[in-house]
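S.K.: Below: one structure in C-alpha cells.
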Amino acid sequence: MSATVAGDSAPGIGLRARFRHGITWNVVNAVFTQGSVFLSNVLVANLLGREIFGEYGMIQSTLITLSSVAQVATGVTATKYLAEFRSTDKEKTGRILGLCSTVTFLTGCVATLLLLAGAPWLASHTLRAPHLARGIMISAGFVMFSVINGYQAGALAGLEGYRVLARAGVFQGVLHLLVVALGAWFRGLEGALAGLVASSVARWILYHRALRTVGQEQGIFLTYKGLWRERRIILGFAVPAALSGLTSMPALWLANAFLVRQEGGFSQMGLYSAAVTLRALVLFLPGLFNNVGMSLLNNEKGLGNETGYRKIFWFNLAATSGIAAAGAAIVSVTGPWLLKGFGKEFAAGSGVLLILMLSTLPEIVAVASAQIVQSREKLWLSLFLIAIPRDLSMVALAYYLTPLYGAAGLAWAYTISWTLTMVIVFLLVRSLGLDPRGDDMRTA
C-alpha cells in the first residue's frame, strides 16, 4: 500500500486501519454536528410548539434544498477526485480544489440573492404562509455558507483529513446548539433561523482553516491556474451529479410542500419533521461509513489496487446495512418515548416514524451500492436510471398520498421510492458489468 496521508495516516497503513481511523474521527465529528442539530430541533420544538416547529422545519427544508442544488455536487466531486489523485498528482489536486472553490462561490452568491428576492412570492404562493417571508429572508445567508461548506467538507474527506474535520465539528456543534436554542428562546422562529445563519458562518471559518492545514501537510495547495484543464471533471461527473441533486432535493421539498398545503398541514409537518430527525439518527453512522468508504474506494482506484477496491466495497456494504437495520429496530421499539422528547403532542407521530424506519435499509443499501457507479464515473447513467425515477416516484406518490394520509402518506412515498431505487441500483450495477467481485478495474 503506497498511499500516504500526512497528519492522519502513516505510510503503509492497512485498509482496515484507515477505515477505523476515518470512522472514529467521523463519529466524533457527527456526534457534535448532527447531534447538535438533533438536540437543537428538540429544544426548538419544545420552545415553539408543534405548529411553529412545522414552519421551522419547512424553512429548513427550503434552505437545505436550495443549498444542495447550488452546490452543484462539488462536495462529492471533491471527495472523489481528491481521493483519486492526491497520492499521484498533487498539482491536479490543487486545480480541482480551485475549481470547486470558484464554482461554489459563484453559485452560492446567485442562490442567496434569488432566495432574498423570491422570499415574499415563495411564502405567499407556494407555502401559503405570507408571514414566513421575513423568516426566509433572515435565513438566506445560510445558503451561501452552506454551499461552500459542502465543498470544503467533501475536500477534507477526500484528503482523509478526518481528525482536523472532527476538531472543527466539536466546536461548531456546541456553537450551533447554543445559538439556535438561544435564538428560539429570545426571538422565537426568527431567532432560531438567525442562529442557523450564525452556525453556518462559524462552520465556514473552521472548515477553511482545516482544509488549509491538511493541504499544507500533504503538499497540496489550492490554485486557480489551469482550471480549464479539468473541464472533463465538470462535464463528465459534476454536471450529472449536480443534476441528480437538482432533482432530488426539489423533489423532497415539493413532497413536503404537498403536505403543508393541506388543512392542518404545518401541524402534520411538525410530526413528520420530528420523525425525520429520529430517522437521521439511524442513518448517521451508516452515512459516515459511506463517506469514508467513498474516499478509500477512489484512492484505491487511483492507485490501481483492485483487491483493496473490492474489499472496501464489500466491507462498507455489509457494515452500513447491518448498522442501519439494528438502528431502525431500536428506534422502532423506543419511538413513542423518543417522540415525547419533542413534546407530548408529538407522540401522535409514532406511526409516521415506523414507516420511515422501513425506508432506512433500502436507502443505505442503494447508496452504498451506487458507489460502484460513482467511482467508475457513470454519473449520466445514474442520473437517468436512478435519480430521476426515484424522485419522480416520490413526488407522484406524495401528491396522491398526502391528501389521504397526511404525514403518514408522505412517509410512505419516501419509503416506497427508496425501495424501488434499491432494486434499480442492483440492476444497473449488474447490467454494466461493474461487479466488485470481478477483475474489472482496468476495463471500466
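The values are calculated or read from the model by the stated rules, or taken from the named source; none is laboratory data. Note that the structure is predicted; figures quoted are calculated from it, not measured. Reconstructed Cβ throughout: ideal geometry from the backbone, glycine too, with neighbour counts over all protein chains shown.
S.K.: Is it the case that Arg50 is under 20 Å from Leu271 (Cα atoms), part of a helix (DSSP H, G or I) and modelled with pLDDT under 85? Let's see the steps before the verdict.
M.R.: Details: under 20 Å from Leu271 (Cα atoms): yes; part of a helix (DSSP H, G or I): yes; modelled with pLDDT under 85: yes.
In short, yes.
S.K.: In the range 65-88, which residue that is among the charged types (D, E, K, R) and under 13 Å from Phe237 (Cβ atoms) is surrounded by the fewest Cβ atoms within 10 Å (Cβ to Cβ)?
M.R.: Glu84
S.K.: Does Ala198 meet the test of being surrounded by fewer than 22 Cβ atoms within 10 Å (Cβ to Cβ), within 22 Å of the chain's Cα centre (by Cα) and either at pLDDT 85 or above or not in a helix (DSSP H, G or I) (or both)?
M.R.: Working: surrounded by fewer than 22 Cβ atoms within 10 Å (Cβ to Cβ): yes; within 22 Å of the chain's Cα centre (by Cα): yes; either at pLDDT 85 or above or not in a helix (DSSP H, G or I) (or both): yes.
It is true that Ala198 is surrounded by fewer than 22 Cβ atoms within 10 Å (Cβ to Cβ), within 22 Å of the chain's Cα centre (by Cα) and either at pLDDT 85 or above or not in a helix (DSSP H, G or I) (or both).
S.K.: Go through (1) free of Cβ contacts under 8 Å to residues at least 40 places away in the same chain; (2) in contact with a helix residue (DSSP H, G or I) (Cβ under 9 Å, 6 or more places away or on another chain) and name the single condition Pro240 misses.
M.R.: (1)
S.K.: Can I ask one more? Please specify each residue of the range 139-152 satisfying the condition of being touching a residue at least 60 places away in the same chain (Cβ under 8 Å) and in contact with a Gly (Cβ under 6 Å, 6 or more places away or on another chain).
M.R.: Hits for the range 139-152 are Val147, Gly150, Tyr151.
S.K.: Please determine whether any residue of the range 341-351 is part of a helix (DSSP H, G or I), free of Cβ contacts under 8 Å to residues at least 24 places away in the same chain, small (Gly, Ala, Ser) and closer than 29 Å to Val42 by Cβ.
M.R.: Initially, the range 341-351 is screened for residues part of a helix (DSSP H, G or I), giving 341-342, 344-351.
So of that shortlist, the ones also free of Cβ contacts under 8 Å to residues at least 24 places away in the same chain come out as 344, 347, 350.
Narrowing the set further to residues that are small (Gly, Ala, Ser) leaves 347, 350.
Next, only the ones that are closer than 29 Å to Val42 by Cβ stay: 347, 350.
Scanning the range 341-351 turns up at least one residue that is part of a helix (DSSP H, G or I), free of Cβ contacts under 8 Å to residues at least 24 places away in the same chain, small (Gly, Ala, Ser) and closer than 29 Å to Val42 by Cβ.
S.K.: Which of the residues spanning the range 79-100 are under 18 Å from Tyr207 (Cβ atoms) and touching a Phe, Trp or Tyr at 6+ places or on another chain (Cβ under 7 Å)?
M.R.: Selection gives Thr93, Gly94, Ile96, Gly98, Cys100.
S.K.: To continue, here is another question. From the list Ser359, Ser321, which one is assigned to a helix (DSSP H, G or I) and either touching a residue at least 60 places away in the same chain (Cβ under 8 Å) or buried (at least 21 other Cβ atoms within 10 Å of the Cβ) (or both)? Walk me through how you get there before you give the answer.
M.R.: Details: Ser321 fails: either touching a residue at least 60 places away in the same chain (Cβ under 8 Å) or buried (at least 21 other Cβ atoms within 10 Å of the Cβ) (or both).
Residue meeting the stated conditions: Ser359.
S.K.: Filter the range 1-38 down to the residues that are touching a helix residue (DSSP H, G or I) at 6+ places or on another chain (Cβ under 6 Å) and among the hydroxyl-bearing types (Ser, Thr, Tyr), then identify the one that is modelled with the highest pLDDT.
M.R.: Within the range 1-38, the match that is modelled with the highest pLDDT is Ser36.
S.K.: Right, another one. Among the residues of the range 79-91, is there at least one that is touching a helix residue (DSSP H, G or I) at 6+ places or on another chain (Cβ under 9 Å), under 16 Å from Leu222 (Cα atoms) and among the basic types (Lys, Arg)?
M.R.: yes
S.K.: From the list Val164, Val110, Val72, which residue is within 30 Å of Asn298 (Cα to Cα), in a helix (DSSP H, G or I) and β-branched (Val, Ile, Thr)? Talk me through it step by step, then tell me what you get.
M.R.: Working: Val110 fails: within 30 Å of Asn298 (Cα to Cα); Val72 fails: in a helix (DSSP H, G or I).
From the options Val164, Val110, Val72, the qualifying one is Val164.
S.K.: Of all residues being crowded, with 19+ Cβ neighbours inside 10 Å and in contact with a Lys or Arg (Cβ under 7 Å, 6 or more places away or on another chain) in the range 330-356, which is nearest to Gly302 (Cα to Cα)? Just the residue, please.
M.R.: Leu356
S.K.: So which residues in the range 145-172 are over 26 Å from Lys90 (Cα atoms) and under 16 Å from the mean Cα position of the chain (by Cα)? So that I can check it myself, show each step before the final result.
M.R.: Of the range 145-172, the ones over 26 Å from Lys90 (Cα atoms) are 145-146, 169-172.
Correct list: Phe145, Ser146, Gly169.
S.K.: So, one more: Quick one: would you say Arg209 is modelled with pLDDT under 90 and either out of contact with any strand residue (DSSP E or B) (no Cβ under 6 Å at 6 or more places or on another chain) or part of a helix (DSSP H, G or I) (or both)? So that I can check it myself, show each step before the final result.
M.R.: Numbers: modelled with pLDDT under 90: no; either out of contact with any strand residue (DSSP E or B) (no Cβ under 6 Å at 6 or more places or on another chain) or part of a helix (DSSP H, G or I) (or both): yes.
Spelling it out, it is not the case that Arg209 is modelled with pLDDT under 90 and either out of contact with any strand residue (DSSP E or B) (no Cβ under 6 Å at 6 or more places or on another chain) or part of a helix (DSSP H, G or I) (or both).
S.K.: Now for a separate question. Name the pairs: first residue in the range 185-203 and under 12 Å from Ile59 (Cα atoms), second residue among the polar types (S, T, N, Q), Cβ to Cβ under 6 Å, at least 6 apart or on different chains?
M.R.: As it stands, the answer is Leu193/Ser139; Leu196/Ser139, since those pairs meet every condition given.
S.K.: State whether the residues of the range 394-404 include one that is farther than 16 Å from Val260 by Cα and among the polar types (S, T, N, Q).
M.R.: no
S.K.: Could you grab me the full set of residues in the range 354-379 that are more than 20 Å from the chain's Cα centre (by Cα) and more than 15 Å from Arg430 (Cβ to Cβ)?
M.R.: Once the filter is applied, which keeps residues that are more than 20 Å from the chain's Cα centre (by Cα) and more than 15 Å from Arg430 (Cβ to Cβ), the range 354-379 yields Leu354, Ile355.
S.K.: Sticking with this structure for a sec: Is it the case that the range 94-103 has a residue that's of a type in the set (Lys, Arg) and either free of Cβ contacts under 8 Å to residues at least 24 places away in the same chain or closer than 29 Å to Asn299 by Cα (or both)?
M.R.: Looking only at the range 94-103, we keep the residues that are of a type in the set (Lys, Arg), and these are 95.
Filter once more, keeping what is either free of Cβ contacts under 8 Å to residues at least 24 places away in the same chain or closer than 29 Å to Asn299 by Cα (or both): 95.
Yes, some residue in the range 94-103 is of a type in the set (Lys, Arg) and either free of Cβ contacts under 8 Å to residues at least 24 places away in the same chain or closer than 29 Å to Asn299 by Cα (or both).
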